[in-house]
Amino acid sequence: MGRTTSAGGSRTTSWSGSSLLQPIADAAGLSLAQLAVAWVLQNDNVSAAIIGASRPEQVTENVKAAGVTLDIDTMTAIDRVLDGVVLTDPSLTRSPRRSEVLG
């Protein structure tokens, strides 16, 4: 949750709000990475979670979040922290028209 990218990858912004998410992760008994994965998997605006890892232990850590269900209060707390950072407009993630791809 440290970066946001708009449709087409045209805007990337660094964000250092993880310190605001740490207490939420602690209350849920999760690492920040697990909280992020659980939030993405439960977020209605996300159709697929693409998770990267550079070390095997990161994969192990991320997989632990697959079975986590965050309660509504936790989801709301995360959404409050991310307000203005995460774009949730479905029109920004539409598939390109054939003419846009082929010219």
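The values are calculated or read from the model by the stated rules, or taken from the named source; none is laboratory data. It should be emphasised that the depicted structure is a prediction, and the values quoted were computed from it without experimental measurement. These area figures cover heavy atoms from the full protein model, side chains too; ligands, DNA and RNA do not enter into them. Shrake-Rupley method; radii C 1.70, N 1.55, O 1.52, S 1.80 Å.
Taking all protein chains together and rolling a 1.4 Å probe, S19 ends up with roughly 80 Å² accessible. Derived scalar couplings between HN and Hα for the range 64-77 equal 4, 7, 4, x, 7, 10, 7, 6, 4, 5, 5, 4, 5, 4 Hz in order, rounded to whole Hz, by the Karplus curve 6.51 cos²θ - 1.76 cosθ + 1.60 (θ = phi - 60°), x for Gly and Pro.
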